[in-house]
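To keep things clear, I will list the structure first and then write my remarks on it.
Derivation of every value follows stated rules applied to the coordinates shown; laboratory data play no part. None of these values were measured; they are calculated from a predicted model. Cβ placement follows ideal geometry from the backbone for every residue including glycine, while neighbour counts extend to all protein chains displayed.
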Amino acid sequence: MSTKARHSDAPGGPPASPPDEEELARGLCASDEAAFAAVYRRWGSLVHTLASRSLGDPHEAEDVTQQVFIGAWRGRAGYRPERGPLGGWLVGITRRKIVDALAARTRRLALVESVAYDADGHRHDAGVDEVLDRVLLVDALSRLPRGQREVLCMAFYEDLTQAQIAERTGTPLGTVKSHTRRGLHRLREGIEQGRADERAAVREEKPHPVAHPS
């Protein structure tokens, strides 16, 4: 019986029991959307909890949870009940998505860290406001030539490697590396200029001492 129609045989009788794991697995493999919804209701909280504990970020945990169930639906034909229960399969997908999320975080931090160094390899003052840096980074990205901007945006926001960017865009890998190097250099210059402008604005806002007549 499809999970779309699990009703009590007798009118007014007790409600039918929820589908068991094997039935949900059969429904998922058969592309039964109602079964998939039931799978989400049953394991969604567990997946989110695992992601939250590993990532420590509620927004990333929500993204991972969504990716897990999208991946489960798209990859439903690859599920093999003889290899383990459905819940274990979902946990396995969750662990892989968590690893992907941590790797993506590392790449984002590496990109931001590379921008935080000037051309001579010296790190900027750690006291600079991080929020300001992010605003300056977005502004500097928007000012880059199209090729450099697209490459860095794919690396920063889509967490793609240079090889993946080359494959997606059909651009030679050497060109992608060149765009990345030149784009990062321009970003450093743009952020440095933004910081200098911000410091100048702060100095202008400070009240000047009033000279008292002698």
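Suppose every K and R has +1 on its Cβ and every D and E has -1 on its Cβ; what is the size of the dipole of region 18-106 about the Cα centre, in Debye to the nearest 20? Don't skip to the end; give the middle numbers.
Details: 12 positive and 12 negative charges, 58 e Å.
About 280 debye.
Sorted by mean Cβ packing within 10 Å, highest first, what order do the peptides 144-156, 81-93 take?
Details: 144-156: 18.2, 81-93: 14.8.
Those peptides, ordered most packed to least, come out 144-156, 81-93.
Go ahead and run the numbers for FRET between Arg53 and Ala196, Cβ-Cβ distance against an R0 of 41 Å, rounding to 0.05. Mind showing how you got there, number by number?
Working: r = 42 Å, r/R0 = 1.03.
That pair, Arg53 with Ala196, gives E of 0.45.
Ranking request for peptides 61-72, 174-185: highest mean number of other beta-carbon atoms within 10 Å first, then the rest in descending order. Before the final figure, lay out each step's value.
Working: 61-72: 18.8, 174-185: 17.2.
Sorting 61-72, 174-185 by mean packing, highest first, produces 61-72, 174-185.
Of the options Val91, Pro19, Leu102, report the single residue whose Cα projects farthest towards the positive end of the charge dipole of region 18-106 (beta-carbon charges: Lys, Arg +1; Asp, Glu -1).
Going by the Cα projections, it comes out as Leu102.
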